[in-house]
Amino acid sequence: MNARTVKAFFLTGCFWMLVAFQLAAQPRSITILHTNDIHANFIPHEAYWIRETPKPMVGGFNELSFALDSIRKINSSTLYLDAGDVMTGNPITEYEYKGALGGALFEMMNMVNCDVWCLGNHDFDLGQKNLLQLTSIAKFPTVSANVVNDRGEYPLNNKPYVIIEKNGLKIGIIGVMSQGLYGLVNQTMLVGIKVLSPVETTQKFIDELLPKTDLIVALSHEGVDDDSVLAMKVHGLNVIVGGHSHTRLKKPKFVNGVIIVQTGSYCENLGVLDLTVENKKVTQYNGQLIQLWYNGTRPKTALSSFIDSVQHGIEKDYSQVIGTLKSDWVRDDNNESGIGDFLADAQREAAHADVGFMNNAGIRKNVSAGPITKRDVFEVLPFRNILTTFQLTGAEMKTIVMNYTEKHLKIQTSGIRCEWKQTPDGKTEIVKLEINGKPFDESATYTGAASDYFVGEARHYLGIEIAKPVYLQKTVFEAIEKKVQDEKNIDSKVENRFKEDK
């Protein structure tokens, strides 16, 4: 090869390198479609926020599928991401499919062509073995960079990240879990699981992905506030697709150069985030939510037929009326409620205990007056919690009562009747205290009842640790269902079990 030929090859190589560089530097677009906290809402439900009656129906996988397909038909540069908590909220999670309880939900996720999802705390509710099988059913990758076992391995078919190429863009997607996982899930379901620092772990993998990708996305299940903290503390991140806090961001947040999106919950909205990327930076973005209103005229599809077959089995088992509510069951996150009194009573009675407890956040649905079905009860308490008993000394009982009056514990109680007043110096004085209908005896030992989850979080809910709990052969759901069936006509009212004398 003579010098002229070598020069020609060199110039040709430089030309094509320049062309490749210019092509890589050109603006390219990508649309991220996203959901979070579906909570097993695979069929439409009433839009509870609408005042008119009857209320319109919203959500479900069929509507989600039509929305996704409509966008994909006009835009081939799309990614569909889900930010966790696919599970818990509907009896579908009690039915086995391909070896996993709730497995049909992940078959539906396959059918709507999910690209990537991250683990949510409620996806652990039925245990690690079940979650491992769910991730095996999924034909799309599971990312969760900071969830490892005690050997530092990824134990649930989860990967720290994936790289997906769309429209000439290499997109790195890192999974992030809330470090509060142990306070959100029954601890018996988390044996051997560690949750590493979200900030440190995310930064570690951002650094690994920066030279390999054009865009870096954190697919996060830690809530919008923690997502904002993450955005402030890392560098090199472009987008956070979030979940966990059920925040309905109509427009994206922009924190420290990071775009943060979240759709709310219950498959009511599809998030759409349009991005223009140039030289590894987002130069333009626009985000919106599409409300997934139910349309009964949709043509039949393989997905809708699958949904119908699953729903038919559930309706057969759960549609039976088991009682009647004379007044609405309405939750109150901060105060005593009629529904809360009923739930705490049911656990105390089923366990033959002196006192019963129910955490406010565990009551997941209001129920209108009228017929109440097994499904209504399940949706009020969609967790497979075990009824648990434990012993409380008189001193511990007094501590719980004082914590309730002074710290406004967010719990419902049964078997406790307390009258109290505030002294001029701001302290609490117990005027009258009865336990299970008898005057309080500080030398006595009392039996308590609550869910196994509640017992594991007793320090948070009661201000004490519970030793040697006894797990009964009965779920909390079964205890509530039996009480509804036994009473038949239920008129739950707020009883002011803790009453302040003024």
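Translational D (Stokes-Einstein, µm²/s) of segment 75-194 at 20 °C and 1.002 mPa s when Rh comes from the Kirkwood sum over C-alpha pairs?
145 µm²/s
Please calculate the 1.4 Å probe accessible area of residue 214, with all protein chains present, and give it to the nearest 10 Å².
Its heavy atoms expose roughly 40 Å² to the probe.
What area, in nm² and to one decimal, does the C-alpha convex hull of segment 33-133 cast on average over all directions?
So the mean shadow area of the Cα hull is 7.3 nm².
Largest first, how would 498, 124 line up by accessible area (1.4 Å probe)?
Largest accessible area first, the residues go 498, 124.
I'd like the antiparallel share, as a percent to the nearest 5, of DSSP beta bridges with both residues in the chain.
Among the beta bridges of the chain, antiparallel pairing accounts for roughly 65 percent.
Just to compare against my own numbers: the Cα pair-distance distribution for segment 158-282, 5 Å bins, whole % per bin, please.
Reading upward from the zero bin: 2, 11, 20, 23, 20, 14, 7, 2, 1, 0.
Starting from 0.36 nm per residue, how many nanometres of slack lie between residue 488 and residue 278 once their C-alpha separation is accounted for?
Net length gain for the segment: 69.1 nm.
Nearest 500 deg cm²/dmol is fine: what mean residue ellipticity at 222 nm does the chain get from its DSSP H runs of n ≥ 4 alone, each adding -39,500 (n - 2.57), divided by its residue count?
Calculated at 222 nm, the ellipticity per residue is -9000 deg cm²/dmol.
Using alpha carbon coordinates only, what is the Rg to Rh ratio of segment 284-334, with Rh defined as the Kirkwood radius?
The Rg/Rh ratio comes out at 1.17.
Using the alpha carbons of segment 344-502, what is the convex hull volume per residue in cubic angstrom, as a whole number?
Taking only Cα atoms, segment 344-502 has a hull volume of 121 Å³ per residue.
Using Cα positions and a limit of under 18 Å, work out the lysines in reach of residue 170, with same-chain residues fewer than 8 apart set aside.
159, 212, 280, 281
State the Kirkwood hydrodynamic radius of segment 388-433 in Å, one decimal place, computed from all pairs of distinct Cα atoms.
Computed over segment 388-433, the radius equals 11.7 Å.
Ignoring the sites themselves, what is the longest stretch of the chain with no GluC sites (Glu not before Pro) in a DSSP loop and at most 14 other beta-carbon atoms within 10 Å?
With GluC sites (Glu not before Pro) excluded where exposed in loops, the chain gives 154-441 as its longest stretch.
Using a 1.4 angstrom probe on heavy atoms only, work out the carbon and sulfur share of the accessible area of segment 441-502 in %.
45 percent
Debye calculation, C-alpha points only, no solvent: report log10 I(q)/I(0) for segment 244-330 at q = 0.12, 0.17, 0.25 Å⁻¹, in the same order as the q values.
So the normalised log intensities work out to -0.68, -0.94, -1.18.
In Å², and per residue, what accessible area does the chain have when probed at 1.4 Å with the other protein chains present?
Solvent-accessible surface per residue comes out at 46 Å².
Which pairs in the list 374/488; 73/300; 233/407; 365/421; 55/493 are over 21 Å apart, alpha-carbon to alpha-carbon?
Among 374/488; 73/300; 233/407; 365/421; 55/493, the Cα-Cα distance tops 21 Å for 233/407; 365/421; 55/493.
At a 1.4 Å probe radius, carbon and sulfur cover how many percent of the accessible area of segment 292-430?
Answer for segment 292-430: carbon and sulfur cover 48 percent of the accessible area.
Using alpha carbons only, what's the Rg to Rh ratio of the chain with Rh from Kirkwood?
1.06
Taking 7 Å along the Cα-to-C-beta vector as the label spot, tell me the residue 321-residue 309 distance in nanometres, rounded to one decimal.
3.2 nm
If you find the alpha carbon centre of segment 227-251 and of segment 442-502, how far apart are they in angstrom?
After rounding, the separation between the Cα centres reads 37 Å.
Using the crude model of +1 on Lys and Arg Cβ and -1 on Asp and Glu Cβ, and no other charge, please compute the dipole size for the chain relative to its Cα centre, in debye to 20.
1620 debye
Segment 273-370: Rg/Rh from Cα coordinates, Kirkwood Rh?
In segment 273-370, Rg relative to Rh is 1.20.
Of all the Cα-Cα pairs you can form in segment 77-141, what percent are over 16 Å apart?
38 percent
Just for segment 44-180, what percent of DSSP beta bridges are antiparallel, to the closest 5?
60 percent
List the aspartates and glutamates whose Cα lies under 12 Å from the Cα of residue 194, skipping any in the same chain that are fewer than 8 positions away.
150, 153
The values are calculated or read from the model by the stated rules, or taken from the named source; none is laboratory data. Bear in mind the structure is a predicted one, so any value in this text is a computation, not a measurement. All Cβ positions, glycine included, derive from the backbone under ideal geometry; neighbour counts span all protein chains shown. Surface areas here come from the heavy atoms of the whole protein model, side chains and all, with no ligands, DNA or RNA. Shrake-Rupley method; radii C 1.70, N 1.55, O 1.52, S 1.80 Å.
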